[in-house]
Amino acid sequence: MATLPSVMAAGAPSSVPAWIHEAAVIVEILAVAIIAVGILAALGRYLQRSVLQRAPGDHYHTLKVTLAKTLLLGLEILVAADVIVTVALEATLESVLILGLLVVIRTFLSWSLVVEIEGHWPWQRPQA
C-alpha cells in the first residue's frame with residue numbers, strides 16, 4: 001500500500017488534509033454540542049424537580065454529577081479531535097508535545113470530575 005505522500009504525488013487530490021481537518025472540526029463541534037445540550041438538560045431537570053415539582057431529594061448533587069459526566073464525555077471527544085489533527089496533519093515534535101500537555105491537563109480535569117462524582121480518586125477504592 002502506498003503512503004500518503006506518494007499517493008498525492010501520483011495525482012490524487014490534495015484535499016485529504018483538508019478533509020481530515022474538517023473531520024476534526026466536526027468532532028470538536030460535536031463535543032461542544034454534547035456539553036451544551038447536557039448542561040441545558042441537567043439544568044432543566046434540576047429546575048423541574050427542585051423548583052416546579054418540589055420533589056424530595058438532593059437535586060443539587062444530582063445536578064453536579066450530571067454536569068460532571070457531561071463534561072467528562074465532552075473532554076474525551078475533544079481529546080479525540082486533538083489526536084486526529086496532531087497525528088494526521090501536524091506530526092511534528094512541537095505539536096506532539098502540545099498534544100501531550102493538553103492530554104495531561106484534560107486528564108487532571110477528568111480526575112477532578114471523577115472526585116466530584118464518586119467522592120474519591122480514580123485509583124482509590126470507594127469507602128464502604
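Identify, from the list V85, V103, V96, the residue that is open to solvent by 60 Å² or more (accessible area, probe 1.4 Å) and more than 26 Å from A41 (Cα to Cα). Give the derivation first.
Numbers: V85 fails: open to solvent by 60 Å² or more (accessible area, probe 1.4 Å); V103 fails: open to solvent by 60 Å² or more (accessible area, probe 1.4 Å).
Of V85, V103, V96, the one residue that is open to solvent by 60 Å² or more (accessible area, probe 1.4 Å) and more than 26 Å from A41 (Cα to Cα) is V96.
Test each condition in (1) open to solvent by less than 40 Å² (accessible area, probe 1.4 Å); (2) modelled with pLDDT of 85 or more for H120 and report the one that comes out false.
(2) is the only condition that H120 fails.
When both residues are 6+ apart or on different chains and their Cβ atoms are under 6 Å apart, which pairs have a first residue that lies in the stretch 41-67 and is open to solvent by less than 70 Å² (accessible area, probe 1.4 Å), and a second that is modelled with pLDDT under 85 and part of a helix (DSSP H, G or I)?
That search, which allows pairs on different chains as well, returns V65/I117.
The values are calculated or read from the model by the stated rules, or taken from the named source; none is laboratory data. Model, not experiment: these values are computed from the prediction. Cβ: placed from backbone, ideal geometry, glycine included. Neighbour counts: every protein chain shown. Please note that ligands, DNA and RNA were not included when accessible areas were found on the heavy atoms of the full protein model with its side chains. Shrake-Rupley method; radii C 1.70, N 1.55, O 1.52, S 1.80 Å.
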